[in-house]
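Visitor: Questions regarding the structure given below will be posed in turn.
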Amino acid sequence: MSIRSAPFGVQTDDDPLDLDTAREYLAATALRPAPVGGVGLELERHVVDVSRPSAVVGWARLLGVLRGVALPGRSRLTVEPGGQVELSTPPARDVAAAVYALQADDAVLRTVLAEAGLGLVGLGADPLRPPVLVHPGERYAAMAGYFTALGYQRDAAAMMCSTASLQLNLNAGPQSAWADRVAHVHRLGPVLVALAGCSPLLGGRETGRWGNRQSIWQRLDPSRCAPHLGRGEPAAAWAAFALAAPVMMVRRPGTAELTPVGERVPLVDWCAGGRRLADRPPTVADLDLHLSTLWPPLRLRGWLELRLLDTVPSRWWPGLAAIVATVLDHPGAAAHAAAAAEPVIDRWSDAARVGVGDPALLGAARGVVAAAASDVPASLRPAVEAWALLLEQGRTPAHLVLDRSRRDGALGCLTAPELS
């Protein structure tokens with residue numbers, strides 16, 4: 001049990017909260033001052049049985065292969081609901097250091113998996129296999145129960161089991177800059193979605209969308225997944241967003257068991273006493289659990305967590321990470337990127353649907369990459385230049401996926417070296 005400080009009006013995670021204290025807690029934990037520049041990366045990939053690529057790899061096999069893996073860059077290794085593996089680096093001094101740590105750990109992970117006959121696929125959505133809940137954790141069962149009750153079963157299954165992302169975690173910066181930084185992320189959001197969209201196949205077919213992963217998120221329970229546009233003071237706006245979102249799951253009294261909430265009960269109603277869940281008022285532990293079930297493109301976790309990028313193949317993710325970190329954290333690059341993105345700032349849906357197939361989004365993507373090119377760490381400049389060259393051809397890694405699919409079918413995308 002952790003001890004909370006006096007300003008939140010509670011002593012432990014288990015003390016009951018009223019609405020005012022809950023709002024104070026949510027605002028106080030949204031962001032914390034830290035120098036601009038620190039970067040952490042989280043990279044998810046799909047795991048494939050090399051000898052049977054169309055088969056879903058089971059939990060027992062994954063656990064047996066991954067248990068005890070030692071990673072030199074100290075990344076945290078976790079397994080997602082559908083068996084995707086994720087590497088999450090510690091905070092690094094800059095994007096170059098974060099990329100190197102992740103590459104070192106990825107090399108070890110790939111070796112361990114290869115020795116067990118497994119490989120990785122770096123795509124935003126599994127191009128072929130059906131969504132199967134592999135992870136036995138009760139959290140994921142509760143998530144599935146909530147989404148089914150609210151009518152999101154199909155998209156929820158795809159989100160949990162068939163998608164993978166590249167996430168950037170950036171320091172919040174000084175408090176005086178929070179509003180500008182949050183607004184800047186959302187200003188660049190659509191063009192970053194178009195640039196990174198790398199999921200044109202789902203369920204074995206071309207869907208006509210370049211970013212199926214983001215399209216799924218855009219359809220899924222907007223009260224917790226839609227862009228939180230950050231107007232006004234960010235911490236207070238985040239608290240309002242969290243209070244308006246429905247509670248997804250609760251712990252049964254006196255147990256650690258999680259149960260889904262089968263109807264829409266906004267957190268504010270529980271905190272204000274208008275509704276009772278689990279036959280008790282909410283606690284700090286409940287608020288922390290609730291916050292972990294909010295997934296807008298930008299989530300405030302004390303830092304800025306960007307959740308809008310598809311995973312892309314191994315050749316491409318270092319450059320993508322470098323581009324995004326640079327246009328958010330470097331003042332000169334940020335200004336040029338903002339100007340390039342201005343014509344498409346409201347086109348979230350189009351960005352997921354057509355990507356850089358739209359001329360305005362393509363022009364904005366080229367402008368954002370050009371903005372990053374001169375200020376990116378020198379060691380990552382070749383990776384960014386490769387993105388610029390691809391965009392000059394009107395292409396992104398999503399086109400490479402379609403090239404392979406049209407040659408070898410969706411099954412070929414699970415074993416293609418250039419998509420690993």
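The values are calculated or read from the model by the stated rules, or taken from the named source; none is laboratory data. Since this is a predicted model, take the numbers as computed values, not measurements. Every residue, glycine as well, gets a Cβ built from its backbone with ideal geometry; the counts of neighbours run over all protein chains shown.
Visitor: Of the numbered conditions (1) under 17 Å from R315 (Cβ atoms); (2) surrounded by fewer than 16 Cβ atoms within 10 Å (Cβ to Cβ); (3) not charged (D, E, K, R), G394 fails exactly one; give the number of that condition.
Guide: It fails just one condition, (1).
Yes/no matrix, rows are residues, columns are (1) modelled with pLDDT under 95; (2) over 28 Å from V47 (Cα atoms); (3) in a loop (DSSP other than H, G, I, E, B):
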site	(1), (2), (3)
G274	yes, yes, yes
T293	no, no, yes
V312	no, no, yes
V327	no, yes, no
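Visitor: Which of (1) under 17 Å from D155 (Cβ atoms); (2) at pLDDT below 95 does R231 not meet, given it meets every other one?
Guide: Failing condition for R231: (1).
Visitor: Among the residues in the stretch 96-112, are any surrounded by fewer than 23 Cβ atoms within 10 Å (Cβ to Cβ), of a type in the set (V, I, T) and not in a helix (DSSP H, G or I)?
Guide: Checked the stretch 96-112: no residue is surrounded by fewer than 23 Cβ atoms within 10 Å (Cβ to Cβ), of a type in the set (V, I, T) and not in a helix (DSSP H, G or I).
Visitor: Oh, and also: Consider only pairs whose beta carbons are under 7 Å apart and that are at least six residues apart or on different chains; among these, list those whose first residue lies in the stretch 144-164 and is over 12 Å from L220 (Cα atoms) and whose second residue is surrounded by fewer than 20 Cβ atoms within 10 Å (Cβ to Cβ) and among the hydrophobic types (A, V, I, L, M, F, W, C).
Guide: Partner pairs satisfying both residue conditions: A144/L133; C161/V132; C161/L133.
Visitor: Right, here's the next one. Any idea how many residues of the stretch 195-213 are among the small types (G, A, S) and either in contact with a His (Cβ under 7 Å, 6 or more places away or on another chain) or closer than 12 Å to A351 by Cα (or both)?
Guide: Residues meeting the conditions: 3.
Visitor: Which one of these does W270 not meet: (1) in a strand (DSSP E or B); (2) touching a Pro at 6+ places or on another chain (Cβ under 6 Å)?
Guide: With (1) in a strand (DSSP E or B); (2) touching a Pro at 6+ places or on another chain (Cβ under 6 Å) applied to W270, the lone miss is (1).
Visitor: Could you list, ordered by first residue, the pairs with Cβ atoms under 6 Å in which the first is in the stretch 2-31 and of a type in the set (D, E, K, R) and modelled with pLDDT of 75 or more and the second is surrounded by 15 or more Cβ atoms within 10 Å (Cβ to Cβ) and not in a loop (DSSP other than H, G, I, E, B), at least 6 apart or interchain?
Guide: D14/T283; R23/A239
Visitor: Taking only the stretch 74-86 into account, find how many residues are in contact (Cβ under 8 Å) with a residue 40 or more places away in the chain and either of a type in the set (G, A, S) or surrounded by 22 or more Cβ atoms within 10 Å (Cβ to Cβ) (or both).
Guide: 5
Visitor: Residue by residue through the stretch 291-321, note down the ones that are within 21 Å of A372 (Cα to Cα), surrounded by fewer than 20 Cβ atoms within 10 Å (Cβ to Cβ) and either among the aromatic types (F, W, Y) or without any contact (Cβ under 8 Å) to a residue 24 or more places away in the chain (or both).
Guide: Within the stretch 291-321, none qualify.
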